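The values are calculated or read from the model by the stated rules, or taken from the named source; none is laboratory data. Here the structure is a predicted model, which is why all the values come from computation and not from measurement. We place every Cβ from the backbone using ideal geometry, glycine too, and count neighbours over all the protein chains shown. Side chains included, ligands, DNA and RNA excluded: accessible areas come from the protein's heavy atoms. Shrake-Rupley method; radii C 1.70, N 1.55, O 1.52, S 1.80 Å.
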Amino acid sequence: MNTFRGSELHIEIGKNDLPIRELTPFDKEFPDRLRYIPNPPKVLYLRGALPPDDMPTVAIIGARACTDYGRNVARSFGRILSKNGVAIISGLAYGIDSEGQAGAVDAAGKTYAVIGSGVNICYPAKNFPIYEKLLSLGGGVISEYPENYPPLRENFVQRNRLISGLSDIVLVIEAREKSGTGITVSYALDQGKQVFALPGRITDQLSAGCNRLIRDGAEILTSPEDVLAALHLKHAGECTIQEKDTSVLSPKQKRVYEALTDDAEHLDFLLDKTKLSVTELTAILLELEILGFSECTKTGFYRRKAFSE
C-alpha cells in the first residue's frame, strides 16, 4: 500500500513477503556489535538477515542532496568493497546512503539497511527496488520501531547510532558543515569506530563537513584500498582490486579510463580522444584517481594506475 506523509511517499509491504522477527539482547542472534554501545537498543525488529559478527562491515553515509560526483564515488565504493567481502551498512536514505547500498546490490553483495520506521515500510518509496534486492541477496532491514511505525523525523537521529554501531568503519562521502551525517560521526567516535572522510574543494559546501572531519583527525579517504587495508583485507605486495574490473565505473568513467594508457598522456590528448569538456574530463580524472584507477604523474599528465599482483 502507498501512503503519503507530508510531501513524501513511502511503501508499506505486506506481511506475506518475509516474516518480521523481534530480537532482544537475550536472544543469541542479537548482534554483538550492538550489545555494548552506549544506549544499546532494547529491541530490534528484523526482516531478512543480520550482518554476521565476524563479517567486516563499513557504513557509507553522507548528504541526501549530494552531487553527481558524490553519487558516483559512493556507488563505486559500495561495489568495490562488496566485491571484496565487505558488508555495506546504511540508512537507505536519499543520496549517498542509498547510492552506497545500490553499489553493493550491483555487485550482488551484502548490504543492511537500518531504517527509522517499521521494517515493513520502505521510506522513501523511490528506494523500494534496493529494499527488495538487498533482501533477495541475503541482506536485511533493521529497526528499533515495530511494524507499521511511521518514518517520523525524530526517529532518524536515534537510528544513526545503530548504523555506526553495526559498522567497523564509517565512510563520509559528502556532508555540509552541520548535518545529520555529523550526528552519525559523533556516535561512531563515542563507539570507538574509525572514520574516513572524502576530501573536497574548500569552496564546495558539500565538502565542508568532510574537510572539517579530516582537520579534526578523521582519516583521508582516497581509494577503496584505504578501507581494505584498515580492515586488514590487503597484504603486502597484493592488490585486491584488479585493473580490468571496470564494472565498478560509470559509462563516462569507463570512457576516460579506456582512453588512458600505461604511459602518461597530456590532458589535451585525452580531451581530443574522449570528446569531453575540460571541466567534465578533469572531474572524471579526479574520480578515477580517488577510485584507484588512474594517477597524475605531473601537472597535466595522466595514466592508468599500475597494480601489483
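Please find, within segment 250-284, the residue that is most open to solvent (accessible area, probe 1.4 Å) out of those that are within 23 Å of Thr67 (Cα to Cα) and not in a helix (DSSP H, G or I).
My answer is Lys275.
For segment 88-143, which positions are in contact with a strand residue (DSSP E or B) (Cβ under 7 Å, 6 or more places away or on another chain), over 23 Å from Thr67 (Cβ atoms) and polar (S, T, N, Q)?
Hits for segment 88-143 are Ser117, Asn120, Ser143.
Check whether at least one residue in segment 196-219 is at pLDDT below 90, under 23 Å from Arg79 (Cβ atoms), out of contact with any Cys (no Cβ under 8 Å at 6 or more places or on another chain) and small (Gly, Ala, Ser), and report yes or no.
No, that holds for no residue.
Tell me, yes or no, whether segment 191-201 has at least one residue that is more than 30 Å from Ile37 (Cα to Cα), surrounded by fewer than 17 Cβ atoms within 10 Å (Cβ to Cβ) and not aromatic (Phe, Trp, Tyr). Before you say what the answer is, go through the steps one by one.
Residues of segment 191-201 that are more than 30 Å from Ile37 (Cα to Cα), as a first pass: 200-201.
If we keep only those that are surrounded by fewer than 17 Cβ atoms within 10 Å (Cβ to Cβ) too, we end up with 201.
Add one more test, that the residue is not aromatic (Phe, Trp, Tyr), and what stays is 201.
Within segment 191-201 (the criterion being more than 30 Å from Ile37 (Cα to Cα), surrounded by fewer than 17 Cβ atoms within 10 Å (Cβ to Cβ) and not aromatic (Phe, Trp, Tyr)), the answer is yes, since at least one residue qualifies.
Which ones in segment 183-200 are of a type outside the set (Ser, Thr, Tyr) and out of contact with any strand residue (DSSP E or B) (no Cβ under 9 Å at 6 or more places or on another chain)? Reasoning before the result, please.
Our first condition is that a residue be of a type outside the set (Ser, Thr, Tyr); within segment 183-200, this holds for 183, 185, 188-200.
If the condition is that a residue be of a type outside the set (Ser, Thr, Tyr) and out of contact with any strand residue (DSSP E or B) (no Cβ under 9 Å at 6 or more places or on another chain), then Ile183, Asp190, Gln191, Gly192, Gly200 are the ones that fit.
In segment 76-111, what count of residues is obtained for those that are aromatic (Phe, Trp, Tyr), closer than 18 Å to Phe156 by Cβ and either crowded, with 24+ Cβ neighbours inside 10 Å or in contact (Cβ under 8 Å) with a residue 40 or more places away in the chain (or both)?
Of the residues in that region, 0 qualify.
Of the residues Asp68, Asp53, which is at pLDDT below 95, surrounded by fewer than 24 Cβ atoms within 10 Å (Cβ to Cβ) and closer than 21 Å to Pro31 by Cα?
On the way: Asp68 fails: closer than 21 Å to Pro31 by Cα.
The conditions single out Asp53.
So which residues in segment 112-143 are buried (at least 19 other Cβ atoms within 10 Å of the Cβ) and not hydrophobic (A, V, I, L, M, F, W, C), if there are any at all?
If the condition is that a residue be buried (at least 19 other Cβ atoms within 10 Å of the Cβ) and not hydrophobic (A, V, I, L, M, F, W, C), then Tyr112, Gly116, Ser117, Gly118, Asn120, Tyr123, Asn127, Tyr131, Gly139, Gly140, Ser143 are the ones that fit.
What do you reckon, is Arg176 in contact with a helix residue (DSSP H, G or I) (Cβ under 7 Å, 6 or more places away or on another chain), open to solvent by less than 10 Å² (accessible area, probe 1.4 Å) and basic (Lys, Arg)?
Working: in contact with a helix residue (DSSP H, G or I) (Cβ under 7 Å, 6 or more places away or on another chain): yes; open to solvent by less than 10 Å² (accessible area, probe 1.4 Å): no; basic (Lys, Arg): yes.
The answer is no for Arg176.
Restricting attention to segment 149-179, which residues are free of Cβ contacts under 8 Å to residues at least 60 places away in the same chain and under 22 Å from Ser207 (Cβ atoms)?
Of segment 149-179, the ones free of Cβ contacts under 8 Å to residues at least 60 places away in the same chain are 149, 152-155, 157-158, 177-178.
Within segment 149-179, Glu177, Lys178 qualify.
Show the residue pairs that are 6+ apart or on different chains and have beta-carbon atoms under 9 Å apart, the first residue being within segment 242-256 and closer than 13 Å to Leu285 by Cα, the second being at pLDDT 90 or above and of a type in the set (Asp, Glu).
Lys252/Glu280
Being more than 20 Å from Val157 (Cβ to Cβ) and in a helix (DSSP H, G or I), is that true of even one residue in segment 179-191?
no
Looking only at residues that are closer than 18 Å to Gly180 by Cα and without any contact (Cβ under 8 Å) to a residue 40 or more places away in the chain in segment 211-229, which one is most open to solvent (accessible area, probe 1.4 Å)? Lay out the reasoning, then the answer.
Narrowing segment 211-229 to residues closer than 18 Å to Gly180 by Cα: 211-214, 216, 218.
Among the residues that remain, those that are also without any contact (Cβ under 8 Å) to a residue 40 or more places away in the chain are: 211-212, 214, 216.
Numbers: Asn211: 41, Arg212: 62, Ile214: 38, Asp216: 98 Å².
The selected residue is Asp216.
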